[in-house]
Amino acid sequence: MITGLHHVGLGVAHLDNAIDFYEQIAGFSTVSRYSRDAESPLREGLNAGSASIEIALIAGPNGYIECAAMAPKTADVSDSTPPINESGIRHFCIQNRDCAMLAGGVKNAGGSLFADPLDLGTGNQYAYARDHEGNIIEIEGLPYVPAEQPSWLGHVAIVTPDLDRIVAFYSDILRSEPQGRGMVGPGPQSDKMGNLKDAQLEGAWLPTPNMLLEFWQFHTPESPPKKTPTTMLDLGYTHICLETDDLDGDMTQMIGAGAAAICEPIETYNVRIQFARDPDGNIVELLEPQDGFDQTISALTDTEICSRTDALK
């Protein structure tokens, strides 16, 4: 059974800079940093060749960001900055009571904002930003949460050409129903937030045990097609990872729901993992902890922060 959304994967050109950025803007902490050499079964599963891979696992209170840097770098950073409406894993959201504080942290850490934080009619403050390498993140201020509550991960967002199909797939494998669904735009506020013109999009939100999965289908402007399928060695968002207590059973269910496995199960470093592509072609990793693995979801400090915050609305 899926026990939560373990991490979102991000390919970066400069690992130290990525660590500094996310630790600075959100107060997250790096809990693991390691390299994979040519003998690692994980490297074989990723088809990494002879290049070295260095990985950092950055923890928020309820989820992880996995940053991976490959040397030598195979692409320019500019290649990893797609528009906000391109299909694929597109951003994750950092939430706090104070959106202005998060916005200032983005700028101070070398990132930039699409626009200053604004209200879309919910009472919350929102802004899209790019990190130091151009990857899109969302920051959101929820004024009703306690002032002492630290920043947390609210959701991971996927842009899709077929909202019904992708929601049905993840509902099946997560065994949960959408928390909400609705249209946004067209209007000046949503255009300003996303730096688009006459944007109209439909969203759906699916709960996992520790955060949300968010899905968007852009009706206007339609999402541009991806030039090539995303790989685990790209710059930018590469995959999402779901933690499971039954990798074989959940992979069988994923395939039955429309996924395609892209490797056999890999046993390495106190975990069993396997990679597949969802019906849109996004890479999904299943991770089954084994004895001795201590970067589980249950090891995080506040896995119920999203559900507790949602109850305060």
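The values are calculated or read from the model by the stated rules, or taken from the named source; none is laboratory data. All values reported here derive from a predicted model rather than from experimental measurement. Every residue, glycine among them, receives a Cβ derived from its backbone with ideal geometry; neighbour counts consider all protein chains shown.
Has segment 218-227 got any residue that is closer than 21 Å to Phe169 by Cβ and β-branched (Val, Ile, Thr)? Within segment 218-227, none of the residues are closer than 21 Å to Phe169 by Cβ and β-branched (Val, Ile, Thr).
Of the residues Ala299, Ala276, the single one that is assigned by TED's automatic domain parsing to the domain that holds Ser29, of a type outside the set (Phe, Trp, Tyr) and at pLDDT 95 or above is Ala276. When the residues of segment 229-264 are filtered to those that are in a loop (DSSP other than H, G, I, E, B) and at pLDDT 95 or above, the one that is surrounded by the fewest Cβ atoms within 10 Å (Cβ to Cβ) is Asp245. When the test is whether a residue is touching a helix residue (DSSP H, G or I) at 6+ places or on another chain (Cβ under 7 Å), of a type in the set (A, V, I, L, M) and not assigned by TED's automatic domain parsing to the domain that holds Cys67, Ile94 passes it.
Among the residues of segment 212-228, those identified as out of contact with any His (no Cβ under 6 Å at 6 or more places or on another chain) and either assigned to a strand (DSSP E or B) or farther than 19 Å from Leu163 by Cα (or both) are Leu213, Phe215, Trp216, Gln217, Phe218, His219, Thr220, Lys227, Thr228. Among the candidates Thr208, Thr228, Thr160, the residue that is among the polar types (S, T, N, Q), over 19 Å from Gln125 (Cα atoms) and over 19 Å from the mean Cα position of the chain (by Cα) is uniquely Thr228.
Inside segment 172-211, residues that are in contact (Cβ under 8 Å) with a residue 12 or more places away in the chain, over 15 Å from Ile240 (Cβ atoms) and assigned to a helix (DSSP H, G or I) make up a count of 6.
For first residues located in segment 258-283 and within 24 Å of Gly88 (Cα to Cα), partners that are assigned to a loop (DSSP other than H, G, I, E, B) and among the basic types (Lys, Arg) and lie 6+ apart or on another chain with Cβ distances below 8 Å form the pairs Gly281/Lys226. The residue that is surrounded by the most Cβ atoms within 10 Å (Cβ to Cβ), among those in segment 272-313 that are in a loop (DSSP other than H, G, I, E, B) and of a type in the set (S, T, N, Q), is Asn282.
Tell me which residues, restricted to segment 117-135, are polar (S, T, N, Q) and surrounded by 20 or more Cβ atoms within 10 Å (Cβ to Cβ). The answer is Gln125, Asn135.
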